[in-house]
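What follows is a single structure, written as structure tokens, with notes after it.
Here, each number is a calculation from the coordinates, and none is a lab measurement. Predicted model only: the values in this text are computed from it and were never measured. Note that we place each Cβ from the backbone using ideal geometry, even for glycine, and neighbour counts take in every protein chain shown.
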Amino acid sequence: MEKVFSHLDYRQFLRQRFAHLKKTRALTHRSFSKKAGFTSPNFLKLVIEGQRNLTEKSIPKIAQALELDAREHEFFSALVRFNQAKRVEEKAAIYEQLKLLRRDLPMQRLEHSQFDYFNHWYAVAIRELIGLKDFREDDEWIAAKLRHEVSPAQVRRSLRLLERLGLVHRGEDGRLRQEQAPLSSGDEVSSLGAYRFHQNMMEKAKQALRDTPAPLRDISSVTVAVTQDTSERIKQKIRQFRKEILAMVEDEGRAEAVYQMNIQFFNLTELS
């Protein structure tokens with residue numbers, strides 16, 4: 001039977017668990033609703049299809065009808081709140097609860113590691129530091145390079161994280177080197193981490209405006225009125241520009257510093 005701990009989308013879990021019960025116990029949407037105490041015979045179907053959300057009152061009814069044990073019930077409740085949360089801060093807090101509830105499941109460790117990578121800006125920066133010509137695998141040196149905004153302990157954890165994710169590897173000479181490993185940012189967890197990364201880097205940009213000397217930064221903006229068609233063309237040019245920047249630095253074998261480039265293009269007005 002499908003276990004809830006392997007899911008981060010409660011609707012997907014409901015779809016798969018109901019399909020199992022339908023096959024093994026001839027359960028129907030009507031009989032499930034009756035078992036859960038819902039008046040609507042299609043309540044579960046509407047929830048699975050995203051037409052209805054679950055409430056704090058309906059969660060325990062669903063959990064009981066699905067015969068979830070206490071730990072599964074707790075995880076399912078948190079998962080519903082995670083999927084239905086509107087604010088990113090709330091999602092992040094609930095995800096920490098989900099991590100604890102399935103901390104002993106080995107198959108989830110990579111997912112948690114990917115979240116930690118996206119969620120901590122300094123892990124990304126440390127990976128780029130490894131490409132510097134004078135890089136030293138020394139916690140204090142790395143912390144100093146990052147202006148002591150991270151601790152040596154955070155540096156050590158980040159280096160272990162990068163190796164675990166395959167983003168760096170140790171060569172035959174024992175030195176760390178960057179490695180290009182695929183990381184997903186499409187699922188909800190990685191996307192949540194990516195959101196936090198962008199949020200952190202925007203704060204870094206504000207800090208750079210105050211603290212970084214002008215010759216070491218370029219911060220500018222422009223406000224324009226455009227059509228929908230033009231806005232799509234601008235986004236396409238931004239995507240192309242990002243690719244050109246990556247191609248430009250791809251073979252920088254003797255890099256001297258780590259820079260951050262943020263690009264923001266967003267609507268300031270209500271669409272009619």
note = At q = 0.12, 0.15 1/Å the base-10 log of I(q)/I(0) from the Debye formula over the alpha-carbon atoms of the chain is -0.93, -1.16
ask   = Could the peptides 205-214, 136-145, 158-167 be put in order, highest first, of the mean number of other beta-carbon atoms found within 10 Å of their residues?
value = 158-167, 136-145, 205-214
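For the residues Phe115, Phe265, Phe76, Phe5, what sequence is obtained by ranking on other C-beta atoms within 10 Å, fewest first? Spell out each step's value before the answer.
Details: Phe115 22, Phe265 12, Phe76 25, Phe5 19.
Fewest-to-most Cβ neighbours within 10 Å comes out as Phe265, Phe5, Phe115, Phe76.
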ask   = Over segment 1-78, what number does the Rg to Rh ratio reach, with both radii from the alpha-carbon atoms and Rh per Kirkwood?
value = 0.91
Computed Rg/Rh of segment 210-253, alpha carbon atoms with Kirkwood Rh = 1.12
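Please compute the Kirkwood hydrodynamic radius over segment 22-121, one decimal place, Å, based on all pairs of different Cα atoms.
For segment 22-121, the Kirkwood estimate is 15.3 Å.
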note = Here, Arg233 and Gln64, labelled 7 Å along Cα→Cβ, have an inter-label distance in nm of 6.1 nm
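In segment 1-36, what trypsin sites (Lys or Arg not before Pro) fall in a loop by DSSP, with at most 15 other Cβ atoms inside 10 Å?
Values: sites: Lys3, Arg11, Arg15, Arg17, Lys22, Lys23, Arg25, Arg30, Lys34, Lys35; in loops: Lys3.
Hits after loop and neighbour filter: Lys3.
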query = Once both axes come from the Cα atoms, what is the angle between helix 109-119 and the longest principal axis of the chain, in degrees from 0 to 90, rounded to 10?
reply = 50 degrees
ask   = By how many degrees, between 0 and 90 and to the nearest 10, does the Cα long axis of helix 228-249 differ from the longest principal axis of the chain?
value = 50 degrees
note = For the chain, whose charge dipole is built from +1 on Lys and Arg Cβ atoms and -1 on Asp and Glu Cβ atoms, the candidate among His112, Leu44, Phe5 with its Cα farthest towards the positive end is Leu44
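In deg cm²/dmol, rounded to 500, what helix-only [θ] at 222 nm does the chain give when every DSSP H run of at least 4 residues adds -39500 (n - 2.57) and the total is split over its residues?
After summing the helix terms and dividing by residue count, I get -17500 deg cm²/dmol.
Grab segment 4-104 and count how many Lys pairs have their alpha-carbon atoms under 13 Å apart, sequence gap of 8 or more, or different chains.
Details: Lys22/Lys45; Lys34/Lys61; Lys35/Lys61; Lys91/Lys99.
Here the count comes out as 4.
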query = Which cross-chain or sequence-distant (5 or more) residues have an amide H under 5 Å from the amide H of Ala255, H modelled 1.01 Å from N in plane?
reply = Lys133
inquiry  = Residue by residue through segment 25-30, what is 3J(HN,Hα) from phi via Karplus (6.51 cos²θ - 1.76 cosθ + 1.60, θ = phi - 60°)? Round to whole Hz and write x for glycine and proline.
reply    = 10, 6, 6, 10, 4, 5
